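The values are calculated or read from the model by the stated rules, or taken from the named source; none is laboratory data. Here the structure is a predicted model, which is why all the values come from computation and not from measurement. Note that each Cβ is placed from the backbone with ideal geometry, even for glycine, and that neighbours are counted across all protein chains shown.
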Amino acid sequence: MSERHFVPKTDVEYTKADFTSDQMVKWCPGCGDHAILSSLLNTFPKTHTKKENVVMVSGIGCSSRIPYYVDTYGFHSIHGRACAIATGVKLANPALSVWVNMGDGDSMAIGGNHLIHAIRRNQDLNITIFNNEIYGLTKGQYSPTTKFGQVTKTSPYGTIDYPFNPGELVMGAQGTFFARTLDCVPALTTDVMTRAAQHDGASVVEVLQNCMIFNDKTHAAITDRAVRDDRTIVLEHGKPMIYGKEKNKGLRFNGRQLESVTIGENGITIDDIMIHDETIEDTGIHMMLAHMGGDLPVALGVIRNVKKTSYTQLYEDQMDEQMANGKYKCVDDLLNSGDTWEV
Amino acid sequence: MSENQIVNKDDLVIRFAGDSGDGMQLSGTLFSDASALTGNDIATFPDYPAEIRAPHNTVAGVSGYQVHVGSHIYSSGDKCDILVAMNPASFKSQLKWAKKGATVIVDMDTFTDEAIEKAGYKENPFNDELERAYTIVRAPITSFTAKIGEAQGADKKTTEKCRNMFALGMIFFLTHKTLEKTFAYLERKFAKKPDVVKLNKAVLTEGYEYADKLELIHSKIVEVAHAEMPSGRYRNITGNVATAWGLLAASERSGRRLFLGSYPITPATDVMVELAKHKSLGARVFQAEDEIAGICSAIGASFAGALACTSTSGPGLSLKSEALGLAVMVELPLVVVDVQRGGPSTGLPTKTEQSDLAQALYGRNGEAPLIVVAASSSANCFYWAYTAAKLALEHMTPVILLTDGYLGNGSQLFRIPKVADLPAITPRLAKPNDPNYRPFRRDPETYAREWALPGMEGLRHRVGGLEKCPDGPLSTDPENHALMTKNRQEKVDRVANYIPDQEVTGNPDADLLVVGWGGTSGALTLAVEEMNNEGKKVAYTHFNYICPLPKNTGDILRKYKKIVVCELNNGQFAGYLRTKFPECPMHQYNKIMGLPFEVGELKECFNKLLSE
């Protein structure tokens, strides 16, 4: 099956300002959403898509206000349903570049079903999940990604809910693209968003985002400058999985699980370190990478990027085939088909 | 056969009943198709259980199919003149649908002690009293079919599947029809299985000849009068298929791509099944992960410029409520087809009812008006689907089309229109680069906003569930909310300026006005017609436009001393009319049994009201 691209490219050289709307941004000062918006606005010019062909679809929550701040077509919909609405937009007009923005509660609690099915179908959507591990707009209730045991307004004695890891959901739903980034590293965010836009099929970018009002510093254990290099690893396709302030730590598979090793200790050399391959079809290694945390660094960058014919292409191929060779050319043909008789 | 006495009748009702899987729906369809092709008017009504294959030989597993043929058919008929019962369970459960004196054909081979007991009888059901009340034909259907199968070397399973053909052959004899049309169907259907064609034809013929030899029924042969219908090209069509085709026609006429986002649900599924076949006509069908995604994908498709639709039934409409509110708020065109069934909750999935009216009118948070229309026959589902699409596209609003299980699964003759002859549809598309475009700028006449599609230059804008001001941005200003709420209501109210006046049929000078809406028009029309023929004065008005109502509705209601609102629910339309016209006292006739109205019960009610 030959690969088709449905979103036309433009030669117009856009800048960030071309995608910035005239609406006042109303997020709290210091919210991670500001940085994500900025990264997103920097992404659009890199995709060479005509701005009229960009559609932003969001659900409900702080992050879902984003369509108002982007000067494209936008749809700020209802809680949890952004993926379903975006699916309809793309099916009705595959020439549109469709972006979905949701928070953790929006995408994985009320909208969990739509998220996994959009991923399973590999519908060509660019999905960004702003993960601040809390319901912010309703002022601080635990979400499906809140850390186990955390005290929130609705868990005064600590949550007894085991959290989702969005990456694992993506892999479980046979996702073809998953990347993770931090709100405080805008260059990386723009980079993975650009890669997501280039991917034909459902792409999911998880942004670990700080809500300074209701869940401040929830990601601090990995995002603080003092620890970030040792607590995270930025994966790059074809390169060894090395991290740490000294760039001397690496990941290897010990036959049972991933482990962190130090180059130069216990006879470990660079050759022992795993090379990242984002294109492996099997989800095994990618699932392990997405799962990392605790003693292992949290994986950032593009973790999975697999080629698989998108729902958009499969749909359009069938449409084109039937439009060209189908039995009926117009509705009159259909009305008069089969058993009919004259009175 | 020439010696047989043939009775001429205006109409005839036949009910085929058997175990689910006995092929009763097929027998019924073949008979109705053959009747239509030979000049009868027809209406059909499948009455099947919610289970696909309930335990063999139990009452729970009985599947029925009623066919009404004649010269001028409004409904699938009340009780039947001929009942086919393929086993004791169907005999037990369906005999109540047979007229006194009806011909009842049973497969006597199935009346074993075990099957009789399984059907819930204490003893063999046949007795003198029954024999006096009905002409009971005990036909050896299973054994005769088996003999033919054996002779042709067919396997047991294939042979058993042909039993329905034996019964059908008998019916063709009893209705003085020939077998050619059905032969032709079998040849088409099993073109690649000549053995199956041969076997079915032989069994069909055997049934016919068996009946011919049976003196018992020679006085029962009926020649049904041919239909007198307006000239034109005709076909048989079910309501669900007609709905799907109406949407296709609206898509072609409006130049908007057709999108249907739906989730399987009885009895609406066939709308999606039908449209899924027609990619060649541009139908973009999306089977969503749930009802909510069905309507949400449609709203997304509408935002992107499609004639967007979703089809569902009662509980599915409940799930779509929040998204319907969104469609009202963003003022996008959307057609929601609700094929009503018995409720609440899962209710009676395979039975008909009109009990989603209140949900269609009011089932959303906030002030959320939308257009509600209802189809009133299987065939006119085509026109009401078309009209729903036209109103949605021209008035920029969601429209709920109410049909029901009776219309959706039932079939009727359909006079085939030319798409070019259907009313024009003019979507309210914005002009690219229009410097004056504002998302909620309204047409001064209709109050509809303009539709600016992603991809159009110079019209970038944002919509959403939050209240907006006319220029587009968010607004929580109190006056603005009041204005936008009023404008959304005004837009729907003004649709009344674009729909025809309500009509009164029957005897307009009567004292009694019968009011109906939606899928009940067949039985109501016939009941009113018969009453007037009997010298009683009855007027009748039937509503298809539910919200808004036609402008002259009040004038009509105020004219009559007595009004009776008849509906298959507990009085939802009556309640709606009372809020609009509190000055008009209304009686109600309600039926909540999962079944359509019968002419007899309606006449009884009207006679009682006339005598009061």
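So here's what we get for this one:
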read-out: Strands (runs of 3 or more DSSP E) (entirely within region A:64-175) containing at least 1 residues that are touching a strand residue (DSSP E or B) at 6+ places or on another chain (Cβ under 8 Å) and in contact (Cβ under 8 Å) with a residue 24 or more places away in the chain; value: A:97-103, A:126-131
read-out: Residue satisfying condition, being hydroxyl-bearing (Ser, Thr, Tyr) and in contact with a strand residue (DSSP E or B) (Cβ under 6 Å, 6 or more places away or on another chain), within set B:Tyr263, B:Tyr234; value: B:Tyr234
read-out: Among (1) over 30 Å from A:His76 (Cβ atoms); (2) part of a loop (DSSP other than H, G, I, E, B); (3) not aliphatic (A, V, I, L, M) - the single one B:Tyr386 does not satisfy; value: (2)
read-out: Flag if A:Asp230 is over 22 Å from the mean Cα position of the chain (by Cα) and in a helix (DSSP H, G or I); value: yes
read-out: Matching option when the condition is facing another protein chain (nearest Cβ under 10 Å) and closer than 21 Å to B:Pro417 by Cβ, among B:Arg253, B:Arg257; value: B:Arg253
read-out: Test result for B:Arg235, facing chain A (nearest Cβ under 8 Å), surrounded by fewer than 24 Cβ atoms within 10 Å (Cβ to Cβ) and either over 24 Å from A:Met319 (Cβ atoms) or modelled with pLDDT of 95 or more (or both); value: yes
read-out: Failed condition for B:Glu289, given (1) facing another protein chain (nearest Cβ under 9 Å); (2) charged (D, E, K, R); (3) under 24 Å from the mean Cα position of the chain (by Cα); value: (3)
read-out: Given (1) over 23 Å from the mean Cα position of the chain (by Cα); (2) of a type outside the set (A, V, I, L, M, F, W, C); (3) not in a helix (DSSP H, G or I), index of the condition B:Tyr540 fails; value: (1)
read-out: Selected residue (criterion: surrounded by the fewest Cβ atoms within 10 Å (Cβ to Cβ)) from residues of region A:295-343 that are of a type in the set (S, T, N, Q) and in a helix (DSSP H, G or I); value: A:Asn325
read-out: Number of positions in region A:68-111 that are at the interface with chain B (Cβ under 7 Å from one of its Cβ atoms), hydrophobic (A, V, I, L, M, F, W, C) and buried (at least 24 other Cβ atoms within 10 Å of the Cβ); value: 9
read-out: Pairs, first at positive phi in region A:196-211, second acidic (Asp, Glu) and crowded, with 24+ Cβ neighbours inside 10 Å, C-beta under 6 Å, six or more apart; value: A:Gly201/A:Asp124
read-out: Enumeration of residues in region B:561-573 that are buried (at least 21 other Cβ atoms within 10 Å of the Cβ) and free of Cβ contacts under 8 Å to residues at least 60 places away in the same chain; value: B:Ile563, B:Val564, B:Val565, B:Cys566
read-out: Residue in region B:441-460 that is buried (at least 17 other Cβ atoms within 10 Å of the Cβ), closer than 30 Å to B:Asn236 by Cβ and within 14 Å of another protein chain (Cβ to nearest Cβ) present; value: no
read-out: Checking B:Pro473 against (1) within 13 Å of chain A (Cβ to nearest Cβ); (2) buried (at least 17 other Cβ atoms within 10 Å of the Cβ), the condition it does not meet; value: (2)
read-out: Among the candidates B:Ala368, B:Ala360, B:Ala375, residue that is at pLDDT 95 or above and in contact with a Phe, Trp or Tyr (Cβ under 7 Å, 6 or more places away or on another chain); value: B:Ala375
read-out: Complete set of residues in region B:327-346 that are in contact with a Cys (Cβ under 8 Å, 6 or more places away or on another chain) and closer than 22 Å to B:Gly366 by Cβ; value: B:Leu334, B:Val335, B:Val336
read-out: Filter result for B:Glu467 (in contact with a Pro (Cβ under 6 Å, 6 or more places away or on another chain), within 14 Å of chain A (Cβ to nearest Cβ) and of a type outside the set (Gly, Ala, Ser)); value: no
read-out: Checking B:Ser280 against (1) in contact (Cβ under 8 Å) with a residue 12 or more places away in the chain; (2) of a type in the set (Gly, Ala, Ser); (3) buried (at least 18 other Cβ atoms within 10 Å of the Cβ); (4) facing another protein chain (nearest Cβ under 10 Å), the condition it does not meet; value: (1)
read-out: Check on A:His114, under 25 Å from B:Pro439 (Cβ atoms) and facing chain B (nearest Cβ under 9 Å); value: no
read-out: Residue count for region B:312-326, restricted to those that are within 14 Å of another protein chain (Cβ to nearest Cβ) and either in contact with a Cys (Cβ under 9 Å, 6 or more places away or on another chain) or hydroxyl-bearing (Ser, Thr, Tyr) (or both); value: 4
read-out: Residues within region B:82-98 that are surrounded by fewer than 22 Cβ atoms within 10 Å (Cβ to Cβ) and out of contact with any Cys (no Cβ under 7 Å at 6 or more places or on another chain), tallied; value: 4
read-out: Sole residue being within 14 Å of another protein chain (Cβ to nearest Cβ) and farther than 18 Å from B:Ser93 by Cα, chosen from B:Thr44, B:Thr38; value: B:Thr38
read-out: Subset of region A:74-106 (residues that are out of contact with any helix residue (DSSP H, G or I) (no Cβ under 7 Å at 6 or more places or on another chain) and not hydrophobic (A, V, I, L, M, F, W, C)); value: A:Asn93, A:Asp104, A:Gly105
read-out: Residue in region B:481-493 that is under 30 Å from A:Ser97 (Cα atoms) and surrounded by 15 or more Cβ atoms within 10 Å (Cβ to Cβ) present; value: no
read-out: Filter pass, A:Gly264 being of a type in the set (Gly, Ala, Ser) and either closer than 30 Å to A:Asn122 by Cβ or buried (at least 17 other Cβ atoms within 10 Å of the Cβ) (or both); value: no
